[in-house]
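**Student:** Please find one structure pasted underneath; my questions will follow.
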Amino acid sequence: MKRLTFFFVAALALVISSCQKPKVQYSGNPLFDDKPLTADPAVLVYKDTLYLFTGSDETVPGKEGFVMKKWYVFSTPDMVNWTNHGVKLTVEDFDWAAHNAFAGHCVENHGKFWWYVPMVVKDTTLIKNEGFAMGVAVADHPLGPYKDASGKPIICDTTANSIPLNIDPAVNVDDDGQVYMYWGSWNEARYVKLKDNMIETDGPVHTVEAKNFFEAPWIHKKGDTYYLSYAAHYPSTTEYSTSKSITGPWEYQGVINDTIHNSPTNHQAIVTFKGQDYMFYHNAASTTGGPFRRSVCVDKIEYDENGLMKKVVRTTTGVPAVE
Ligand code: FUB
């Protein structure tokens, strides 16, 4: 009888203690389901907060293909509690732009926030290929308000050595302060130096050699290694190459995200926040998802002992809270 009572009390204590343990909270994937639909993540860490910049797919009944008119900003202090700050930039904010608010990238420099975005131009004399050009909006805070910084595109079809589809800008300020803008699509990647004013090119457009490159370049640095990740092939995996210089040459390292069901695009952004490494990407797994109805997700990314990135393990739970 004594032994039975002991086991009963021990079991009760176990149940009570497990009930008292604080539950680990997870972000969940996709992060926002379809309210709103989000695509093409870009991330920026500023003052203990992670800011997420996204495009947004719109649904037009009977129309297949991208309908994208605006960009959103979200923020989180801990990866689990997210605030939707709403639409912070639209095609209409640029007098020179007509449509197609594709993937952008916001970067901090000189105490300001520079949001580089591609769109199709209005001026048909600037159209030689697809008509995509890249411009920049500027603000004093990641949440805006943003305004067109130069009143005209920085790169367009008529720029020497540009490509048929000038989209997916990725802008980095290197350790010595030099600014670089990478971009690319349909297997062609380019970079150009930007002047300190962030709105003008400085020198020629360079061709980038990166194995299997398709689109969506993203550069991050860990230690003294630069990582150039990108969508490879189409439908796309995410693959990456490394270099000891931001301008390459780039050494191919492999696949870090497999193709995604029902979405030929995946568009990654990689960041370290509060000591954890993350890959943002999009999929088509929201309630109303599809190839042109995408939603942003986040999962952890890990590096091996040689600093190489391991393939991301995609989850529906997302990532746990960080402090
Ligand atoms: O969202 C439109 C385009 O699809 C982006 O610019 C590419 O990166 C791909 O995600």
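**Student:** Check whether at least one residue in the range 286-301 is at pLDDT 95 or above, closer than 18 Å to Gly254 by Cβ, part of a loop (DSSP other than H, G, I, E, B) and not polar (S, T, N, Q), and report yes or no.
**Tutor:** yes
**Student:** So which residues in the range 132-180 are in contact with a Phe, Trp or Tyr (Cβ under 6 Å, 6 or more places away or on another chain), among the polar types (S, T, N, Q) and more than 16 Å from the ligand (Cβ to nearest atom)?
**Tutor:** Asn172 - this is the single residue of the range 132-180 that is in contact with a Phe, Trp or Tyr (Cβ under 6 Å, 6 or more places away or on another chain), among the polar types (S, T, N, Q) and more than 16 Å from the ligand (Cβ to nearest atom).
**Student:** Taking the range 89-119 only, how many residues are within 16 Å of the ligand (Cβ to nearest atom) and assigned to a strand (DSSP E or B)?
**Tutor:** Number satisfying all stated conditions: 12.
**Student:** So which residues in the range 261-277 are under 16 Å from Lys300 (Cα atoms) and either buried (at least 24 other Cβ atoms within 10 Å of the Cβ) or within 15 Å of the ligand (Cβ to nearest atom) (or both)?
**Tutor:** Asn266, His267, Gln268, Ala269, Ile270
**Student:** Name, by its number, the condition in (1) under 16 Å from Ser75 (Cα atoms); (2) free of Cβ contacts under 8 Å to residues at least 60 places away in the same chain that does not hold for Phe280.
**Tutor:** So Phe280 meets the others, but not (2).
**Student:** Looking at His282, His267, which is the one that is assigned to a loop (DSSP other than H, G, I, E, B) and within 16 Å of the chain's Cα centre (by Cα)?
**Tutor:** His267
**Student:** Can you pull out every residue in the range 302-320 that is surrounded by fewer than 19 Cβ atoms within 10 Å (Cβ to Cβ) and part of a strand (DSSP E or B)?
**Tutor:** The answer is Tyr303, Pro320.
**Student:** Is there a residue in the range 147-155 that is of a type in the set (Gly, Ala, Ser) and farther than 21 Å from Gly104 by Cβ?
**Tutor:** Looking for residues that are of a type in the set (Gly, Ala, Ser) and farther than 21 Å from Gly104 by Cβ, one finds none in the range 147-155, hence no.
**Student:** Looking at the range 181-235, what strands (runs of 3 or more DSSP E) fall wholly within it and have at least 2 residues that are more than 16 Å from the ligand (Cβ to nearest atom) and of a type in the set (Ser, Thr, Tyr)?
**Tutor:** 225-232
**Student:** Separate question: Please determine, by comparing only the residues of the range 144-155 that are in a loop (DSSP other than H, G, I, E, B) and closer than 20 Å to Asp196 by Cα, which one is modelled with the lowest pLDDT. Steps first, please.
**Tutor:** Initial filter on the range 144-155 (in a loop (DSSP other than H, G, I, E, B)): 144-146, 149-154.
From what's left, closer than 20 Å to Asp196 by Cα: 146, 149-154.
Numbers: Tyr146: 98, Ala149: 98, Ser150: 95, Gly151: 98, Lys152: 98, Pro153: 98, Ile154: 98.
Out of the qualifying residues, it is Ser150.
**Student:** While we're on this one: Hey, could you check the range 52-76 for residues that are touching a residue at least 60 places away in the same chain (Cβ under 8 Å) and surrounded by 21 or more Cβ atoms within 10 Å (Cβ to Cβ) and say which is farthest from Tyr278 (Cα to Cα)?
**Tutor:** Asp57
**Student:** From (1) touching a residue at least 40 places away in the same chain (Cβ under 8 Å); (2) in a loop (DSSP other than H, G, I, E, B); (3) out of contact with any Pro (no Cβ under 6 Å at 6 or more places or on another chain); (4) within 25 Å of Val271 (Cβ to Cβ), pick out the condition that doesn't hold for His141.
**Tutor:** Here His141 meets the rest and fails (1).
The values are calculated or read from the model by the stated rules, or taken from the named source; none is laboratory data. Only a predicted model underlies this, so the values are computations on that prediction, with no experimental measurement involved. Using ideal geometry, Cβ is built from the backbone for each residue, glycine included, and neighbour counts are taken over all protein chains shown.
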